[in-house]
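Down below is the structure, laid out as structure tokens.
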Amino acid sequence: MPQRMILIGNPDNRRTAGLQNARAKLGLPPAVVLPYAGLLDGSASLAQAASLAGAASQPAGEPAPLLRLDAPGELFAVERGLIALGAPDHEEAAHGDRLLPFGHRSDPQPLSVRSALALAEQEGRQYHPSQWFRGFARLLARLRREAEELWPQPQWTNAPEDIAGMFDKRQTHRVLSAAGVPVPRLLAPPEEIAGYEALRDSMLSRRVHRVFVKLASGSGACGVVAYRINPRTGAEQAVTTVGVENYGARAPVFYNAMKLRRYTDQSAIRQVLNWLLRHGAHVEQWIAKAAYGDRTFDIRQLVVAGEACHSIARVSRTPITNLHLRSERVSVDDLGLAPGIRAEAAACAVKALAAFPRSLAAGVDVLLDSASHAPYILDMNPFGDLLYRVVHKGMDPYEWQMSRLASGSAETAEESAGSAASVAADPTGSAASGFSGAGNSGKPGGAAGSPDEGGTLR
Amino acid sequence: MSEVKLTIDYDQYENGKKMKDLLEELANSPQSGELTSLIIGDWGGAYENDSEETVETLVALKDRFPKLTSLFIGDMSFEECEVSWIMQTNLAPLLEAYPALRSFTIKGSTGLDLNPARHENLEELTIICGGLGKDVIHQIYEGSFPRLKKLELYLGVDEYGFDASLEDVLKLTEPGKFPELTYLGLKNSEIQDELAIALAEAPILDGLHTLDMSDGTLSDTGAEALLNSEKVKKLQYLDLSHHYMSDEMVNRWKSSGLNVNTDDQQDMDEDDDYRYPSLTE
């Protein structure tokens, strides 16, 4: 009997539909959809979904269902619910914030449960990014607890703690650095960059005049600023989707614009950067990306079960390449890269995912240095598999994942998540051996050394 | 053809590597004698060091690159250095040092001079920037390029250094100024409409095969003048890509039978009636 699946997501969106279509195509039963909205308002639970999936009464030896967490975004009720869940006065606060990296930091001007639930939808508005992330991490922690009560060894495609780690760009950078995966240099630890002045001082004293400032919990282009200063003239420039509206004495409203904007005015730049830094931001060197004609590109590389699969290059005239910002999609085959370079970029992405040993799928953003073409990891997207019109061996990303992960084989069922992680680690080990020329020093075996831990959730 | 691109990237720059060293290494390599095209990228912190040392080194090494016909100074992406932050210098000594050059390309106009702008054999001159200064335009006008076939100038916006008047620019199109010119690019301009109107019936068009008015703020106003011109109809190619023309105007071009590029139509910003050239800063 094929393995059942529980999908935690927003029903009726493109992601859920894509996954269900893939399951239907492969002859798998539809996943039981557990909506975020229900989890947040108490009308649904993992236990309930488990019994729907027939998994609660499973005979011994039957596989536990595969548990997939998908993106919570694009639904205001869910966004609001997560901000409320992250409130200091929410009962969930009693459990602490164990899955929240940097959870000891307090959020600026927190909203109470009541004020959070009273928020009204304003398109593009960033209501409270750090409290939202706190709420999301609390939900992840709750799901992890509940899964452990239901099954001896829950079968997450991406475990909640890994999702929290990949979602936090500070933590991602830390984990990848420790695993010896090439990443752009950290400007300074987050606690040293409290605000705009400290950021500028740090850039000037370290002579890193070009940086990316990224909202720790942002996804996509949201909360990303390409910032540079000219040490000779003092001029500065920030390119970002972050916009701000000031209304006299009232608190300013920050929002995410659909178009990139360029700021050169210090007061505007200061306001935007201070806001990001207060909510928690990661600051790293801005490495110039390789050129494609008069534009530059990075690569979104999907990695599933230790194998690089679907990929697409995002070609842009701007420093921020996200596809909704008028970047052009180009097949990686058409970039004219030397085969070795392409393989190195893919291997780098595989190695990056292996640094999160309890995860089987992520969209990894890889840049190639403009001069050396050496790969660096820019971002890890635990929900980065929504790629349109990209096929790998004749399958779309969902079909590919379902064929790799949900085949219902006894092997997946009997073995713990540890076996899945070791599937992931194997090709990584061989890829790592061809990797020495990529400017990657440190711990070449770091990523491959982790599968033993894979089966145990602590 | 053999081509080499030299760049000092961030790490090399911070470690004290200099473009001068790379150029001397290249001059001492066996390929220097056969090199036909040299591209200089970032010479190391191009936003805080101008290109003077690079120019001096290239002048000193002029006999080592006897076959060099193509030279590009400042080929760097917007990520490596903001185009308006690239610090150039007087590049005229390169023209004097390399009399066999056919093609000369410059990116960045801050600190740029071409004085004297003179070359007996140069066929292509391109300046890519966010705003070209009146001084450089005047230097080109006062200079001498008797064999020039292609002149391509990104004029840009006043905020990044374009301080010339329409008349200053149009002086470059005086009859006989560049007797062999077949490609004229006066582009990436915030006065693209005015230029289009002024050039539509200009005598210089008679000798051209290509008029390049791309990357600027061309709207239906300028396009109308071009579309109505008998001289434009005789061109082999008209480049109007990156423009603010209406769909209707684009369709008129498409049915005109002319070889015209109307790609990359820009949206008029709804809340802000302002048009931007393609490359500003």
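The values are calculated or read from the model by the stated rules, or taken from the named source; none is laboratory data. Quick caveat: nothing in here was measured; it's all calculated off a predicted structure. Neighbour counts run over all protein chains shown; Cβ positions are idealised from the backbone, glycine included.
A few comments on the model shown:
- Residue within the range A:190-197 that is in contact with an Asp or Glu (Cβ under 8 Å, 6 or more places away or on another chain) and aromatic (Phe, Trp, Tyr) present: no
- When A:Arg389 is tested against the conditions (1) more than 14 Å from every other protein chain (Cβ to nearest Cβ); (2) crowded, with 21+ Cβ neighbours inside 10 Å; (3) over 20 Å from the mean Cα position of the chain (by Cα), the lone failure is (2).
- Sole exception among (1) without any contact (Cβ under 8 Å) to a residue 24 or more places away in the chain; (2) more than 14 Å from every other protein chain (Cβ to nearest Cβ); (3) assigned to a strand (DSSP E or B) for A:Val315, by number: (2)
- Looking only at residues of the range A:220-256 that are within 14 Å of chain B (Cβ to nearest Cβ) and of a type in the set (Gly, Ala, Ser), we find that the one that is farthest from A:Ala288 (Cα to Cα) is A:Gly243.
- Residue within the range B:137-147 that is under 28 Å from B:Ser165 (Cα atoms), of a type in the set (S, T, N, Q) and either free of Cβ contacts under 8 Å to residues at least 24 places away in the same chain or within 14 Å of another protein chain (Cβ to nearest Cβ) (or both) present: no
- Candidates B:Leu22, B:Leu35, filtered to the one that is within 14 Å of chain A (Cβ to nearest Cβ), surrounded by fewer than 22 Cβ atoms within 10 Å (Cβ to Cβ), at pLDDT 95 or above and more than 18 Å from B:Cys129 (Cα to Cα): B:Leu22
- Verdict on A:Arg206 being out of contact with any Lys or Arg (no Cβ under 8 Å at 6 or more places or on another chain) and within 14 Å of chain B (Cβ to nearest Cβ): yes
- Top-ranked residue in the range B:38-48 [being surrounded by 22 or more Cβ atoms within 10 Å (Cβ to Cβ) and among the hydrophobic types (A, V, I, L, M, F, W, C); ranked as farthest from the other protein chains (Cβ to nearest Cβ)]: B:Leu38
- Residues that are in a loop (DSSP other than H, G, I, E, B), without any contact (Cβ under 8 Å) to a residue 24 or more places away in the chain and not hydroxyl-bearing (Ser, Thr, Tyr) do not occur anywhere in the range B:46-63.
Residues checked against (1) touching a Phe, Trp or Tyr at 6+ places or on another chain (Cβ under 7 Å); (2) among the polar types (S, T, N, Q):
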{"position": "B:Ala97", "(1), (2)": "no, no"}
{"position": "B:Phe104", "(1), (2)": "no, no"}
{"position": "B:Leu112", "(1), (2)": "no, no"}
{"position": "B:Asn115", "(1), (2)": "no, yes"}
{"position": "B:Glu120", "(1), (2)": "no, no"}
{"position": "B:Ile127", "(1), (2)": "yes, no"}
{"position": "B:Gly133", "(1), (2)": "no, no"}
{"position": "B:Glu142", "(1), (2)": "no, no"}
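- The strands (runs of 3 or more DSSP E) found entirely in the range A:328-385 include none that carry 2 or more residues being surrounded by fewer than 21 Cβ atoms within 10 Å (Cβ to Cβ), in contact (Cβ under 8 Å) with a residue 40 or more places away in the chain and within 14 Å of chain B (Cβ to nearest Cβ).
- Count of the range A:260-311 residues, restricted to those that are away from every other protein chain (no Cβ under 12 Å), farther than 17 Å from A:Cys222 by Cα and either part of a strand (DSSP E or B) or of a type in the set (A, V, I, L, M) (or both), is 12.
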